[in-house]
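The values are calculated or read from the model by the stated rules, or taken from the named source; none is laboratory data. Worth saying up front: this structure is predicted, and the values here are computed from it rather than measured. With ideal geometry, Cβ positions are generated from the backbone for all residues, glycine too; neighbour counts draw on all protein chains shown. Just the protein is used for accessible areas: all its heavy atoms, side chains included, with ligands, DNA and RNA removed. Shrake-Rupley method; radii C 1.70, N 1.55, O 1.52, S 1.80 Å.
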Amino acid sequence: MRYEELLATLQNLKPGEKIDHIYIGKLLNYDSKSMYSKKTQNYNFKDKELQIIENKLNIILPQNDCVSLPVRGDVNASCGFGVTIYDEGQTGTYAIGRKLAKDLGISVNKSEIIFAKGDSMSPTIEGGDGLLVDTNKKEIYDGAVYCVRIEGQLYAKRLQKIPPKKLLVVSDNQKYKSFEVDFSKKFDFDFEIIGEVRWSGRVFM
């Protein structure tokens, strides 16, 4: 993507902000003289530079058809009795279409793919399914599926609000009991919403 196209795209995505070569230079840690030269040459920005801009502004630039999400192949979200996490390191990347990312409304630089284990969310989610988790989405919408951490273990569960300060943690498989988390009282276990599960998928054998 060349300078003039990038400038027009950012001006469209960030209306009301003064977008110029100095603004772009600050995002990339380039001095004003260097950026002025790129402006006059209508510089063709590299993919790595465009990715830095995307991450800093939390936007998707239309420079190609795909975005790469980190895959944490050793991380499993339990759809059962819990999975203890020993290594949350990235094991690879997975490319998805930019239109799909936009349609899902995900924060590209805050999303990752992990994997389900167990059957408590069956038939919605089966063991082995890939789960796209947006860790920027922690606000609870009734009936949505979230990745949560309870006592060091990850779970994929459906969450429902119970006013004023209770949360119902639900399994789609009826053989697993739902349970409540009451935020109005002090409870003796750790509970954290990691993010919303925006997509799941599986490989058919």
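Ignoring aspartates and glutamates fewer than eight residues from residue 161 along the same chain, the ones with Cα atoms less than 14 angstrom from its Cα are 139, 142, 180, 182.
Note on residue 39: lysines with a C-alpha under 16 Å away, same-chain residues under 8 apart excluded, are 18, 26.
In this structure, residue 57 and residue 202 have a Cβ-Cβ separation that, at R0 = 41 Å, corresponds to a calculated FRET efficiency of about 0.80. Structure remark: mean-square fluctuation, Gaussian network model of the chain, C-alpha springs under 10 Å; the largest value among 155, 30, 141 belongs to 30. For the chain, the per residue solvent-accessible surface stands at 58 Å², with DNA, RNA and ligands left out and a 1.4 Å probe. For the chain, modelled as a GNM whose springs connect Cα atoms under 10 angstrom apart, the maximal fluctuation among 77, 95, 156 occurs at 95.
Between the stretch 138-153 and the stretch 161-178, what is the separation of their alpha carbon centroids in Å? Each part reduced to its Cα centre gives a spacing of 11 Å.
Computed in the context of the full set of protein chains, the accessible area of the chain at 1.4 Å probe radius has 49% of its extent on carbon or sulfur.
Share of pairwise Cα-Cα distances greater than 22 Å in the stretch 42-182 is 46 percent (whole percent). Below 8 Å between Cα atoms, with a sequence gap of 6+, how large is the relative contact order for the chain in percent? The value is 17 percent. Of the peptides 51-57, 111-117, the ranking by mean beta-carbon count within 10 Å, highest at the top, reads 111-117, 51-57. The label point for residue 186 and the one for residue 31, both projected 7 Å from the Cα toward the Cβ, are 5.7 nm apart.
Legend: residue pairs 110/166; 117/186; 102/138; 99/157, Cα-Cα distance threshold 20 Å; pairs beyond threshold, 110/166; 117/186; 99/157.
Shape class for the stretch 132-205: prolate, because the ratio a/c of the largest to smallest gyration tensor axis (alpha-carbon atoms, square roots of eigenvalues) is 1.5 or more and a/b beats b/c. Note down the relative contact order for the stretch 133-205 as a percent, whole number, built from C-alpha pairs under 8 angstrom at least six residues apart. Averaging sequence separation for qualifying contacts and normalising by length gives 38 percent for the stretch 133-205.
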